[in-house]
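Notes follow once the structure below has been shown.
The values are calculated or read from the model by the stated rules, or taken from the named source; none is laboratory data. Here the structure is a predicted model, which means the values were calculated and not measured. Backbone-built Cβ (ideal geometry, glycine too); neighbour counts: all protein chains shown.
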Amino acid sequence: MADLQRTAITSERAPQPLGAYSVGMSVNAGRLLYVAGQVGVDTGGTLVGPGDAAAQTRQVLENIGHILEAAGAHFSNVVEFTTYVVGRSSVQGFIDGRNQVFPQIFPNGDYPPNTLLVVDGLVREEFLVEIKAVAALP
């Protein structure tokens, strides 16, 4: 199987990222893995961190990691995230949770592009964060 080439794209002529993400990513991929939006529940379906966007973010990223692993992939294969947070008050918690996890899962700091959307709510009222991902597989 060929090695995956995944390169963060930067441009001095485009606005710089406001956080831990790249403005673009170039990949050569044999297959794509689309990870459905994950919420902060454990394998038993119990919400982790009620009212705590940081705790829910950490659990969401753990869930995504398990799905990537099941597909034979790692976070180094992720080429895009889309993040939904409930209300502006949850944004900082999301950022805090992400900042606690990203150094371990992206040790080189080559963060995938991420679109962050502030929404009124998710499928259940107690969910504060949902993240979906696209991963490129060699």
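Summary of values
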| read-out | value |
| --- | --- |
| Residue in segment 76-86 that is among the small types (Gly, Ala, Ser), on the phi < 0 side of the Ramachandran plot and under 12 Å from the mean Cα position of the chain (by Cα) present | yes |
| Failed condition for Ala135, given (1) within 13 Å of the chain's Cα centre (by Cα); (2) surrounded by fewer than 17 Cβ atoms within 10 Å (Cβ to Cβ); (3) in a strand (DSSP E or B) | (2) |
| Residues of segment 9-23 classified as modelled with pLDDT of 85 or more and surrounded by 15 or more Cβ atoms within 10 Å (Cβ to Cβ), total | 2 |
| Candidates Glu62, Glu130, Glu126, filtered to the one that is among the charged types (D, E, K, R), at pLDDT 95 or above, assigned to a loop (DSSP other than H, G, I, E, B) and out of contact with any Lys or Arg (no Cβ under 9 Å at 6 or more places or on another chain) | Glu126 |
| Selected residue (only one of Ala55, Ala36, Ala8 is in contact (Cβ under 8 Å) with a residue 60 or more places away in the chain, closer than 30 Å to Glu125 by Cα and either out of contact with any Leu (no Cβ under 6 Å at 6 or more places or on another chain) or among the hydroxyl-bearing types (Ser, Thr, Tyr) (or both)) | Ala36 |
| Those residues of segment 2-31 which are hydroxyl-bearing (Ser, Thr, Tyr) and within 13 Å of Val79 (Cα to Cα), in sequence order | Thr7, Tyr21, Ser22, Ser26 |
| Selection status of Gly72, within 22 Å of Glu125 (Cβ to Cβ), in contact (Cβ under 8 Å) with a residue 40 or more places away in the chain and surrounded by fewer than 19 Cβ atoms within 10 Å (Cβ to Cβ) | no |
| Qualifying residue in segment 71-89 (condition: more than 19 Å from Ala135 (Cα to Cα) and modelled with pLDDT under 95) | no |
| Selection from segment 27-48 of residues that are surrounded by fewer than 19 Cβ atoms within 10 Å (Cβ to Cβ), not β-branched (Val, Ile, Thr) and not in a strand (DSSP E or B) | Ala29, Gly30, Asp42, Gly44, Gly45 |
| Members of segment 23-38 found to be under 15 Å from the mean Cα position of the chain (by Cα) and closer than 15 Å to Leu68 by Cα, listed by number | Leu33, Tyr34, Val35, Ala36, Gly37, Gln38 |
| Enumeration of residues in segment 81-94 that are surrounded by fewer than 20 Cβ atoms within 10 Å (Cβ to Cβ) and closer than 20 Å to Val23 by Cα | Thr82, Val91 |
